[in-house]
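Participant: Could you have a look at this structure, given as structure tokens, before my questions?
The numbers here are math on the coordinates, done by the rules we state, and not lab data. Bear in mind the structure is a predicted one, so any value in this text is a computation, not a measurement.
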Amino acid sequence: MWRLVAYALALMWVAATLALPGTTAAAGWNGIEPGVTGADVIRARYGAPSKEVKHKVVNYDTVEWTYEGERAPGGFQRMVVEFGILLPSGYSPNTVRVLRLDPRRFIFTKDMVVSGWGEPDRATTENDRDIFFYASGLLVTFDKDGVMATSMYFTVKQPDSAPASSGAPA
């Protein structure tokens, strides 16, 4: 049991260290950066997915790879990678659009998320679950107790919100 706790604490420290805010333009994890990383990198690092599903999103063909159980990275129940993103240079079917990680319990507490990524740019509660939004592209959902992260979505950096208008002419 203690070995598992020590492993979880070490994993949390490494994850928080690798994901310090401001280290990349978009929210990324373990070298996977939405809008940049290609399918070849994911396959080389994690092998073939447990499941592959093809979708149509706004008339574009996309693919979703799921790594579950032993195929998922250590500390996670599931990793889902969605490919196919419209970039300024055009549509890229083999580039990561969204990376979703479903951590095992006690891997990412709310305090660990705040320690690693800082205070969220926006927070809300939906269906009795807290949700953190980061402009860097990270969205985190928590359990009903508001303590453990249940899903972490890494996306491209979100556009800066326009400053609120004071109503006075410029």
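Participant: Over the Cα atoms of the range 33-74, what Rg and Dmax result, in angstrom?
Facilitator: So, for the range 33-74, Rg and Dmax equal 11.5, 35 Å respectively.
Participant: Need the list of lysines near K110 for cross-linking: C-alpha distance under 26 angstrom, and skip anything on the same chain fewer than eight residues off.
Facilitator: K144, K157
Participant: What per residue convex hull volume, in Å³, do the alpha-carbon atoms of the range 67-118 yield? Show your work: numbers first, answer last.
Facilitator: Numbers: hull volume 4.8 nm³, N = 52.
Measuring per residue, one finds 92 Å³ for the Cα hull of the range 67-118.
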